[in-house]
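Following: one structure in structure tokens, then a few remarks.
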Amino acid sequence: MVEKCSTVRYISQICPNFANSNSLFFIINIMARKKKPLPILQNVTITDFAAEGKSLARVNEKVVFVPFTMPGDVVDLQVLKQRKAYSEARVERFVEHSELRITPRCQHFGVCGGCKWQMVPYEMQMQMKQKQVIDQLTHIGKIELPPVKDILGSKEQYEYRNKLEFGCSNKQWLTSEQIAQLREQDAQQERADGTAATRASMRDVIGFHITGVFDKILPIQQCHLMPQLHNEIRNTIASLAVDMHMSFFDARTQQGVLRDIILRHTNTGQWMLIVQFNLHTESEKEQAMELLEKLRNAFPQLSSILYVNNNKCNDTFNDLEVSIFFGSYYIKAQMEDLTFRVGPKSFYQTNTEQAYELYSVVRRLAALTGNETVYDLYTGTGTIALFVARKAGKVIGIEYVEEAIEDAKVNAADNGIDNVDFFAGDMKDILTADFIQQHGYPDLIITDPPRAGMHPDVVQTLIQTAPKRIIYVSCNPATQARDLAALDVLYAVKVVQPVDMFPHTPHVENVVLLERKV
């Protein structure tokens, strides 16, 4: 009762009116109760794939979601979260592996959450993505669909990405096995000399954020999603920074110099490195410039080295100045005879070769004759707009990122394309009846929104504008289905074409052609 009374006295000081309430002791009793241990489920058979790269099983008529598993796996599970309708769990032990399972290539598989389907044969991955598109358009959209075309698989299943971002932290994420090993090492050292060991979890590392843990980083030695050079650059940055006694970022205290790195490369052979620092003093800036100079000398393959001083509470830098340390502010990518500038803030499809397949689908479905007015919404740096422009009469591109629009204008000029106009601003504010009256009624609208889909105001503008055809490109079939349901009052879906841009992940692009019903 002493502990409870001291708690009452403390609450009395900060909230006098509540101190004498009977509810107070009830709340303290609730807080003092120990949580009931979550169960371990044994010999559970995984039966199907689920959303977000997870699989599922049914235990006592209740669905259990489990990552890094596939149908046919038999596992012991530790339940992590229980709800009335479902549970979430992790694998404690594989009793039996599915006959369909293949060996993941990556040494970090199972801890890093980036490629959750590496153990799934690629043909099966494509089948599941095809099913995902059909299920979401059917169950969420609840609209009439034509037969969905077979998904277009990626030519490359590894080393397909042209951009990766890595966090830098003074705290390393540890697996349960590593934690147990460290505790044993601590115990051995304490028995030997009576001192406590330095915790390895405080080691400075560069790698990926772990889902649900904002301040710890899983160190990555080798990632197979980009060509090998990116591993060499990232690992060299880590070792150089440690040797230089450069402090790594602490997300809790917002201190530490080395914060984040981004690597980009293009199919023209150019590489860009962007380093985010958290600089406050002149000596910290001198140390940062020394690190960049060492990297310039170590990697002549780098066409561009840029840096950002980010003192914010998050790693986004679209609103911050990007400075050139070496080379150009941009690198160039090529698609057919078109070249595109890719800057540090530019959106460019991360699978270069598959982006060509995606845009080819869009151009084919557009079926342009040379006279049409085309609106390209969420145009980014103008890739789709420029890709279709030579077959159109006029193309209008709209994008909310001003810097991307500036890149789009330069891209148009560099490629000698003069029948395009680009505008920057919030889509729902720009795409109005007055704008359409000024720039021309669209025969075709191409829309490629972010994962959240289109704003309801934009959807309503499309309905009011009523172009003959709409091509909807989406990286999230669920929000696409929602928007298609809203457009169903005026449009019928004529073609559905999934495209796999992201092997070993559950993500899929989907292209839909809509035609006006009347």
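The values are calculated or read from the model by the stated rules, or taken from the named source; none is laboratory data. A quick note: this is a predicted structure, and the numbers were derived from the prediction, not measured. Every residue, glycine among them, receives a Cβ derived from its backbone with ideal geometry; neighbour counts consider all protein chains shown. Surface accessibility is based on the protein's heavy atoms, side chains included, excluding ligands, DNA and RNA. Shrake-Rupley method; radii C 1.70, N 1.55, O 1.52, S 1.80 Å.
Structure values in brief
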quantity: Stretch gain in nm, segment Glu293-Leu38, where the contour uses 0.36 nm per residue and the Cα spacing is subtracted; calculated: 86.6 nm
quantity: Cα gyration tensor, segment 352-431 - rounded (a/c under 1.5), prolate or oblate; calculated: rounded
quantity: Area accessible to solvent at Lys312, 1.4 Å probe radius, in Å²; calculated: 50 Å²
quantity: Neighbourhood net charge (12 Å Cβ-Cβ; Lys/Arg +1, Asp/Glu -1) for Tyr86; calculated: +4
quantity: Probe 1.4 Å, all protein chains present, accessible-area order of Val64, Val410, largest first; calculated: Val410, Val64
quantity: Three-way shape call for segment 72-111 based on the alpha-carbon gyration tensor, with the a/c threshold at 1.5; calculated: prolate
quantity: Counted charge near Ala50, where neighbours are those whose Cβ lies closer than 14 Å (Asp, Glu -1; Lys, Arg +1); calculated: +1
quantity: Per principal axis, descending, Cα span of segment 298-372 in whole Å; calculated: 49, 32, 22
quantity: Directionally averaged projected area (convex hull, Cα atoms, segment 224-364), nm²; calculated: 9.6 nm²
quantity: Approximate spin-label separation Leu100-Phe423, in nm, with each point projected 7 Å along Cα-to-Cβ; calculated: 4.8 nm
quantity: Around Gly72: net Lys/Arg minus Asp/Glu count, Cβ-Cβ under 11 Å; calculated: -3
quantity: Kirkwood Rh in Å, taken over all unlike Cα pairs in the chain; calculated: 26.3 Å
quantity: Evaluated over segment 361-518, the Cα radius of gyration and Dmax, each in Å; calculated: 14.7, 45
quantity: Antiparallel bridges, percent of DSSP beta bridges restricted to the chain (to nearest 5); calculated: 65 percent
quantity: Longest exposed-site-free window of the chain, the sites being GluC sites (Glu not before Pro) in a DSSP loop that have at most 14 other C-beta atoms within 10 Å; calculated: 337-518
quantity: Shape metrics for segment 441-518, restricted to C-alpha atoms - Rg then Dmax, Å; calculated: 12.4, 42
quantity: Long-range amide H partners of Phe248 with built H, under 5 Å; calculated: Val257, Leu258
quantity: Cα Rg, Dmax, segment 57-161, angstrom units; calculated: 16.3, 44
quantity: In sequence order, calculated HN-Hα J values of segment 496-504 (Karplus, 6.51, -1.76, 1.60; Hz; x Gly/Pro); calculated: 10, 10, x, 9, 8, 9, 9, x, 6
quantity: Separation of the Gln254 and Glu402 label points, Cα + 7 Å toward Cβ, nm; calculated: 2.5 nm
quantity: Contact order normalised by residue count of segment 224-375, Cα under 8 Å, 6+ apart, percent; calculated: 17 percent
